[in-house]
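Below is one structure; the comments refer to it alone.
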Amino acid sequence: MKKISLGAMSLALAGISGVAHAQNSVTLYGLIDEAVMYANHASGSSNLTGLSSGNLSGSRFGLKGSEDLGGGLSTVFQLESGFDVNTGKSGQSSRLFGRQAFVGLSDNKWGTVTLGRQYDPEVDLVQPITGDNYFASFFGTPGDVDNNDDSARFNNSVKYTSPNINGLQFEGMYAFSGVAGQTGQGYTYGGAVSYSTGGLSLAGGYLLATNGSNDGAVRSSWSSGTADSFFDSAINEGYETAKSVGIAQLSGQYVLGSFTVGLDYSNAQYKSDGWSAFTGTEKYNTGRAFALYQFTPALIAGVGYAYTAASGNTSAHYNQFSIGADYSLSKRTDIYAVGAYQKANGTQLVDGVRQSAQASIGSFGYNGTDTQTAVMLGIRHKF
């Protein structure tokens, strides 16, 4: 990360701004994550070999900073852009600052309020103590049906983050639909709480995102004014016309010396209404477990397991086994190897048609048959 003092920059900007505060700063930062990936049954029975960008961490660059207003109060902001290393294109539907874009006020005693495009409270407080935090989609939920892999971000949102009080922290968020006359549609809200003491960390939260209306016609897709799409694969794409997506998560992690173990559970419900292309409620209950071992300060490796059971509108079961290792070459550069195998059983809904369930590892969006294996060898550099 490159810190640029606004006091130092003031000489160059003197013709534009007459006031500069030496105690304030702007940080320019970024991350590039690139890997060679192989996935079988990536499209039907066809296999895929190629380069993949943003795997353990999304490739990005950004600016963040603060201004000290005195008395423990500061202005804070962050602008973060995602991109694909292989094409140079912007990520998050080609948004300039698609990963994050917010401004707000932070107080040492009372906490922080931010406004803009942001992550939800579950991603902030629950996801960091799950296996996905270490090896991303390979240790996440099949199809990322519970947003454990940060598939969605939220526009027009107001978020409050409490200070850390003896290991306890909580967040609340509300995102406005931003459409006149539709305050009851397209909004999102959520909350989460975490607690840490010694080697034990616990967290839980809930998120509800609602879809927009379609003027009396059946929706053709997810068109929420606030929430990005949750639909990364054939596992749940049959429910993108849902009235709402509700996600509850509970996670626990324990660190004992070089060992780290974790358990977590999520319940995701895709509910229909008169504008949905399906009826009833589709539920996804997921249990995940992982174990890691820090062999040296530079090398960490682990294994993971995820089980997702779908019920309601259709039924399917997904078993996923994962393995990963990460080696730090320096404080800013590491190399990694990860792999996963997934087996699907039962039926799922795709384009309104019930079909045999297709395996789809993480949020990569590849699916074809009832089994899938994916492996990846990559490098990640932070600047």
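The values are calculated or read from the model by the stated rules, or taken from the named source; none is laboratory data. All of these numbers come straight from a predicted model, not from anything done at the bench. Note that we place each Cβ from the backbone using ideal geometry, even for glycine, and neighbour counts take in every protein chain shown.
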Close pairs (6 angstrom Cβ cut-off, 6 or more residues apart or separate chains): under 27 Å from GLY225 (Cβ atoms) in segment 186-210, of a type in the set (D, E, K, R) anywhere: GLY190/ASP120; ALA192/GLU122; ALA192/GLU171; GLY205/GLU122; LEU207/ASP120; LEU207/GLU122
Answer from VAL85, VAL26 - the residue that is over 30 Å from VAL350 (Cα atoms), at pLDDT 95 or above and more than 22 Å from the chain's Cα centre (by Cα): VAL26
Test: residue in segment 302-310 that is among the hydroxyl-bearing types (Ser, Thr, Tyr), farther than 26 Å from ALA227 by Cα, touching a Phe, Trp or Tyr at 6+ places or on another chain (Cβ under 8 Å) and touching a residue at least 24 places away in the same chain (Cβ under 8 Å): no
Tabulated pairs, segment 349-364, first modelled with pLDDT under 90, second aromatic (Phe, Trp, Tyr), C-beta under 9 angstrom, 6+ apart or interchain: GLY352/PHE278
Out of GLY178, GLY184, GLY212, GLY190, sole residue that is at pLDDT below 95, closer than 26 Å to ASP273 by Cβ and in contact with a strand residue (DSSP E or B) (Cβ under 7 Å, 6 or more places away or on another chain): GLY178
Yes/no for THR333 being among the β-branched types (Val, Ile, Thr) and surrounded by fewer than 16 Cβ atoms within 10 Å (Cβ to Cβ): yes
Residue satisfying all of: in segment 343-362; buried (at least 24 other Cβ atoms within 10 Å of the Cβ) and touching a Ser or Thr at 6+ places or on another chain (Cβ under 7 Å); nearest to SER137 (Cα to Cα) among these: GLY362
Close pairs from segment 28-42: first in contact (Cβ under 8 Å) with a residue 24 or more places away in the chain and of a type in the set (Val, Ile, Thr), partner surrounded by fewer than 18 Cβ atoms within 10 Å (Cβ to Cβ) and part of a strand (DSSP E or B), Cβ under 7 Å, at least 6 apart: ILE32/HIS381; VAL36/LEU51; VAL36/LEU377
Tabulated pairs, segment 240-251, first among the basic types (Lys, Arg), second in a loop (DSSP other than H, G, I, E, B), C-beta under 8 angstrom, 6+ apart or interchain: LYS243/ASN211; LYS243/SER272; LYS243/ASP273; LYS243/TRP275; LYS243/SER276
Members of segment 262-298 found to be farther than 21 Å from ALA192 by Cα and hydrophobic (A, V, I, L, M, F, W, C), listed by number: TRP275, ALA277, PHE278, PHE290, ALA291, LEU292, PHE295, ALA298
Any hit, segment 139-155, residues being farther than 16 Å from SER229 by Cβ and of a type in the set (S, T, N, Q): no
Qualifying positions in segment 245-265 - buried (at least 23 other Cβ atoms within 10 Å of the Cβ) and either touching a Cys at 6+ places or on another chain (Cβ under 8 Å) or within 15 Å of LEU202 (Cβ to Cβ) (or both): GLN249, SER251, GLY262, ASP264
Criterion: free of Cβ contacts under 8 Å to residues at least 40 places away in the same chain, of a type in the set (A, V, I, L, M, F, W, C) and within 27 Å of LEU329 (Cβ to Cβ) - qualifying residue of PHE231, PHE290, PHE295: PHE295
Residue in segment 291-312 that is surrounded by fewer than 16 Cβ atoms within 10 Å (Cβ to Cβ), in contact with a Ser or Thr (Cβ under 7 Å, 6 or more places away or on another chain) and over 21 Å from LEU263 (Cβ atoms) present: yes
Among the residues listed as SER74, SER66, SER81, SER52, the single one being at negative phi, assigned to a strand (DSSP E or B), free of Cβ contacts under 8 Å to residues at least 24 places away in the same chain and among the small types (Gly, Ala, Ser): SER81
Test: residue in segment 204-220 that is in a strand (DSSP E or B) and of a type in the set (Val, Ile, Thr): yes
